[in-house]
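Heads up, the thing below is written out as structure tokens.
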Amino acid sequence: MGIMEVEFKKHVLPNGLTIIAECDPASHSAAIGYFVKTGARDEASRVMGVSHFLEHMMFKGTPNRTAEQINRDFDVIGAKNNAYTSGEMTCFHATVLAEHCLGKGSAGEILADMLRPALRKEDFDTEKNVILEEIAMYEDNPFWVLYERVVEEHFAGPASAVGLSTPHPLSHRVLGTKQTITDLSIEQMRDYFHARYSADNTVVAMAGRIDFDRAVDEINRLCGSWQRTGARRTPGGPPLQDRALELRDEKVNRAYLITLSPAPAFDDERRYAASLAAQVLGGPDNSRLHWALIETGLAEQAEVGYEPKDGCGDMLVFCACDPERREEIWTILEKQIWELVGTITDDDLEKIRCKAATGVTLAGERPGGRMQRLGRQWTYLGKYTTLEEELKAINAVTVEDVREVIRAFPFRPRTVGWLLPK
């Protein structure tokens, strides 16, 4: 059965929980994900990292299951399951054979149970050490050390009258800091959970061989008692300005560069043009920076990434090179960015467009990929777009569209960060 025969269905429970699915009767598997619209940007600064910490706690047991039982129950049904937290959302998901998606002991039932965790203090105290170890691990990764500092600086907010700045929640680290995690209490976590993990802040997305009417009945039975809290988020970010920072670290022997600048938001139709622009400039293969910096041996890494967010977006440029060549790298990088508007061609777009369409299509061929696309899309936009419509939007992007989005978002204002050997 082709993609065109996949049927989209939607239902909202009385408590506000949204259930959506792409039903494909010909599929042998099914995927289900619980998407909660909460992440690092929804946290108070003093509890930074609580969303990610909570993700861990969901696997530590519920009033009905121990942590071991959760793992065993997933294994019994052969589930491929996982979870993730970002600045924007938290997701718990599983892919299984279709007969194990719904019903007693199913992936849907296990996930629903997990999302009402016991939040026992002894589990909290134990897992806190795991989180602190994870933070320490990321401190050994040069990219993440620099990236987190650049994000903090970029979204710091306007300086106050006394020379201080009020950090915007977009500056928060997903893992939190050693200080915020050490200081976090179980009571603060429980308060955050009850405020954000509400029915009206959750989307259940499914794809594959799904009996939707049965799914609605089942999820209503599992989640119909969840409370509605009216959880909200203020989209967008703070006013931005050009900023710069330089870090020195005796553990590194290369020079690392990250620049961060504004880009279209997730609900901006220019996101397709921005994505193609990022690929033309700094995609992993056959991009402007690849030929100017990688193929010439001037840099080991040179990439551009576009990330649309709720109410705003980021364009990130990353390079790694010999510290002696950092000025040369910077000159070439600036030249490639400023020349992009005048030199981009239809041929550039066609090559990138085919890659983008291939990526979207491959993700749409498996229930797990369709479920992720569906859940993220609805969490951001509250509406459904078919795979065909998305491919059409990608194919419709013209050279002038790319030029216009670069003119509107000219890689400025930007935060420039360097991490260099001590």
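The values are calculated or read from the model by the stated rules, or taken from the named source; none is laboratory data. What you see is a predicted model, and the numbers here were worked out from it, not measured in a lab. Because the Cβ atoms are built from the backbone with ideal geometry, glycine has one as well, and the counts that use them run over all protein chains shown.
Results, tabulated for the structure shown:
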{"item": "G78 being at pLDDT 95 or above, in contact with a helix residue (DSSP H, G or I) (Cβ under 6 Å, 6 or more places away or on another chain) and either β-branched (V, I, T) or assigned by TED's automatic domain parsing to the domain that holds E218 (or both)", "result": "no"}
{"item": "Selected residue (criterion: surrounded by the fewest Cβ atoms within 10 Å (Cβ to Cβ)) from residues of segment 55-81 that are in contact with a Leu (Cβ under 7 Å, 6 or more places away or on another chain) and more than 17 Å from G103 (Cα to Cα)", "result": "M57"}
{"item": "Residue within segment 94-104 that is assigned to a loop (DSSP other than H, G, I, E, B), at pLDDT 95 or above and more than 28 Å from Q301 (Cβ to Cβ) present", "result": "yes"}
{"item": "Yes/no for D123 being exposed (fewer than 14 other Cβ atoms within 10 Å of the Cβ), assigned by TED's automatic domain parsing to the domain that holds L97 and not β-branched (V, I, T)", "result": "no"}
{"item": "Pairs where the first residue, in segment 286-314, is in contact (Cβ under 8 Å) with a residue 24 or more places away in the chain and the second is hydroxyl-bearing (S, T, Y) and buried (at least 18 other Cβ atoms within 10 Å of the Cβ), C-beta under 6 Å, 6+ apart", "result": "Y306/S275"}
{"item": "Odd one out for V130 among (1) closer than 29 Å to L184 by Cβ; (2) part of a strand (DSSP E or B)", "result": "(2)"}
{"item": "Yes/no for G157 being out of contact with any Phe, Trp or Tyr (no Cβ under 6 Å at 6 or more places or on another chain), at pLDDT below 95 and at positive phi", "result": "yes"}
{"item": "Residues that are touching a Pro at 6+ places or on another chain (Cβ under 6 Å) and surrounded by 24 or more Cβ atoms within 10 Å (Cβ to Cβ), drawn from segment 18-52", "result": "A30, A31, R41"}
